[in-house]
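To start, the structure itself, in structure tokens.
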Amino acid sequence: MSSRRVVSAWGGSVEPGIMNDGGDALNKVSATGGSESPFLADTSRPRHEGVRKIDHVAMAAHDADASSQWFEEVLGLQRIHDEVVEDVGVRLLWLAPRNAMAEAGEASLQIVQPLGPGAVADFLAQKGEGLHHVCFAVDNAEDFLKSRGQVGGIFTGGYGLPCAFLKAAPDGIAVEIVQREHPAS
């Protein structure tokens, strides 16, 4: 049987209760590091069971408008959605290639801007602007988490969709899941 070393997201610890009170889960992930609590995960189970696609890649930024300007001017991306998620205390700005239909299955870039103190602000203070997390779409967030031994932690994220951050992720990169309906055939 093979196994793989898995460490907590951002190389830090997850504060108690994060997986049980989803309302402000993003603000409770420690971005300041701390004691590593690695564990071995059995890789004999299917690795991609339940994951349908990469939904988005997210970067943390002090100012979403300033950050998006480069992606719009240099890469030609366009804004496809902009919202404030008050329960989590962040502004989420989505960008995608022109003529892309992100809602119809295309991956997008999400810029996460903190609206006050919290995990994203701590992340920026410690690591600066840059990659924050990678998000994968799943059919059912609760079932996906349970099948991996994680209970709770679901919160309402962007677009009003159920989301959760996995307790552990490879190589210190935070992994989020989002429950998305299958596109109409």
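None of the figures in this text is laboratory data; all of them are computed from the coordinates on show. Here the structure is a predicted model, which is why all the values come from computation and not from measurement. Using ideal geometry, Cβ is built from the backbone for each residue, glycine included, and neighbour counts are taken over all protein chains shown.
Observations
- Sites ARG148 and VAL84, calculated FRET efficiency, Cβ-Cβ separation with R0 35 Å, nearest 0.05: 0.70
- Extension gain for ILE173-LEU115 works out to 18.7 nm (0.36 nm per residue, less the C-alpha to C-alpha distance).
- Positive minus negative residues near ASP65 (Lys, Arg vs Asp, Glu; Cβ under 15 Å): -4
- DSSP beta bridge pairing in the stretch 80-185, given as percent antiparallel to the nearest 5: 75 percent
- Neighbours of GLY128 by Cβ distance under 15 Å: Lys/Arg scored +1, Asp/Glu scored -1, total -2.
- The stretch 126-185: radius of gyration over Cα atoms, expressed as a fraction of 2.2 N^0.38 Å: 1.21
- Neighbourhood net charge (11 Å Cβ-Cβ; Lys/Arg +1, Asp/Glu -1) for VAL151: +2
- With R₀ set to 22 Å, the beta-carbon distance separating TYR159 from ARG52 gives a calculated FRET efficiency near 0.90.
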